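Participant: Below is a structure I'd like to ask you about.
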Amino acid sequence: MVARPLRIAFFDLEEWQPDYLQAGLARLGIAEQVQPRFFHEPLSPENSAQYADCEALVVFIWTKLSRAVLESLPHLRLVLTMSTGYDHIDLAVCRERGMTVCNVPHYGENTVAEHTFALILSLSRKLHAAYFQGLRGEYHIRALRGFDLYGKTLGVVGAGNIGLHVIRIARGFGMRVLAHDKRPHPLLAEVLGFTYTDLDTLLKESDIVSLHVPALPETYHLINREALCKMKRGALLINTARGSVVDTEALLWALEEGILGGAGLDVIEGEEFIKEESALLKMPVAEQTLKQIVQAHLLLKRDDVVFTPHIAFNSQEAVQRILDTTLENLKAFLEGHPQNVVS
């Protein structure tokens, strides 16, 4: 008896990606084993009932798989996220239902690390401030005086795959590097020439602190007012990890007080609400949501804050690696030995 094809829906796709995915299914020899549907928009509570027959989902971070959404999909057995992080998925519900959830653990370590240094250089050499001055038709050269990275200390919080690439680049700039990680690897430290230390020492001694930890309960607001008070006055904070790692209210305070010399942010709390005002006016917003919207917009207006809209991963090569690994995860599931399983 021939098994029925797996009903699978892909969401959050760009215009070119359905064709790429179709070709990938054929290349891996699994095109006949699946019945795919492709969608550019996210899956949401408002439209999820339309896909009640789905047995598998492929999503990016724009789709929030809450309990309500998951419960509207009674046949769902597999969730593939096209990301490393999976905080947009209610794993507790997935475990209750016996679903398999897989991620893409490796695709853009060098990509995110390069973006990290784009943020650092934009701040250290006042590129962002110069751009703002240019918009105003004025240049104050002394106000645009930056600093060399050579000889400075970079603190890397989270020395995993991305953090190690950041360290490698930093060493190429001639920087001293401190790292904090719950799983230190002394041999790597010796080879790459950096030092593991506790978080307090890292914050105290670093000229630049770069965050590379996942969104977990223990990392929620890891950088809060208390942590910021421990940092060197005038230091830079870089976040290409997750918005929840930094307390936005405390960050604004530290910038206003001059404790921080600047912040480079690819992620912030409430980033999903940074959109056109007309769209915001149509949204039902809770008090906490409104607070996040206001804080986000206050950050965006500052000369000493460089913000990019969650694009540190976003190179053409990295996106293709994401799609390739996602299809390989699907193939492994169909073959009965799932890989890159997070739940």
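No value in this document is a laboratory result; all are computed from the given coordinates. As the structure is a computational prediction, the values presented were derived from the model and not from experiment. Counting neighbours? That spans all protein chains shown, and the Cβs are built from the backbone with ideal geometry, glycine included.
Participant: Just how large is the dipole of region 109-307 about the Cα centre, in debye to the nearest 20, putting +1 at every Lys and Arg Cβ and -1 at every Asp and Glu Cβ?
Facilitator: That gives region 109-307 a dipole magnitude of about 560 debye.
Participant: Using Cα springs under 10 Å in a Gaussian network model of the chain, which residue among Gly234, Gly262, Gly85 shows the largest mean-square fluctuation?
Facilitator: Gly234
Participant: Would you pull out the residues with amide H under 5 Å of Val305's amide H, same chain only if 5 or more places away, H placed 1.01 Å from N?
Facilitator: Close amide H contacts, sequence-distant or interchain: Ala263.
Participant: If you stretched the chain out fully between Gln320 and Gln339, how much longer would it get, using 0.36 nm times the residue separation minus the C-alpha to C-alpha distance?
Facilitator: Length gained between Gln320 and Gln339: 5.0 nm.
Participant: Give me the one-decimal nm value for the distance between modelled label points at Glu138 and Trp16, 7 Å along each residue's Cα-to-Cβ direction.
Facilitator: 4.3
Participant: List the residues whose amide H sits under 5 Å from the amide H of Leu6, counting only those 5 or more places along or on another chain, with H placed 1.01 Å from N in the peptide plane.
Facilitator: Val34, Gln35
Participant: Moving on. Starting from the amide H of Thr100, placed 1.01 Å from N in the peptide plane, find each other amide H under 5 Å away whose residue is 5 or more places distant or on another chain.
Facilitator: Answer set, sorted by chain and number: Leu78, Val79.
Participant: Divide by every residue of the chain the summed helix terms, -39500 (n - 2.57) for each DSSP H run of at least 4, and state the resulting mean residue ellipticity at 222 nm, rounded to the nearest 500 deg cm²/dmol.
Facilitator: Helix-only estimate at 222 nm: -10500 deg cm²/dmol.
Participant: Can you tell me, using C-alpha contacts under 8 Å and at least 6 residues apart, the relative contact order of the chain as a whole percent?
Facilitator: This gives 16 percent for the chain.
Participant: Whole-Hz Karplus ³J(HN,Hα) for region 24-30, in order, using 6.51 cos²θ - 1.76 cosθ + 1.60 and θ = phi - 60°, x for Gly and Pro?
Facilitator: Karplus values, whole Hz, x for Gly and Pro: x, 4, 5, 4, 7, x, 10.
Participant: Assuming R0 = 56 Å, can you tell me the calculated FRET efficiency for the pair Glu257 and Glu32, based on Cβ-Cβ distance, to the nearest 0.05?
Facilitator: It comes to 0.35.
Participant: Related question: Calculate one ³J(HN,Hα) per residue across region 300-310 by plugging θ = phi - 60° into the Karplus curve 6.51 cos²θ - 1.76 cosθ + 1.60, and present them in order as whole Hz with x for glycine and proline.
Facilitator: Residue by residue, region 300-310 yields 5, 7, 8, 5, 9, 10, 9, 10, 10, x, 6 Hz.
Participant: Using a Gaussian network model of the chain with C-alpha springs under 10 Å, which one of Leu299, Leu13, Leu187 is most mobile by mean-square fluctuation?
Facilitator: Leu187
Participant: Which of the residue pairs Lys64/Lys182; Lys64/Lys204; Lys64/Lys331; Lys64/Lys301 have a Cα-Cα distance greater than 26 Å in the structure shown?
Facilitator: Violating the 26 Å Cα-Cα cut-off are Lys64/Lys182; Lys64/Lys204; Lys64/Lys301.
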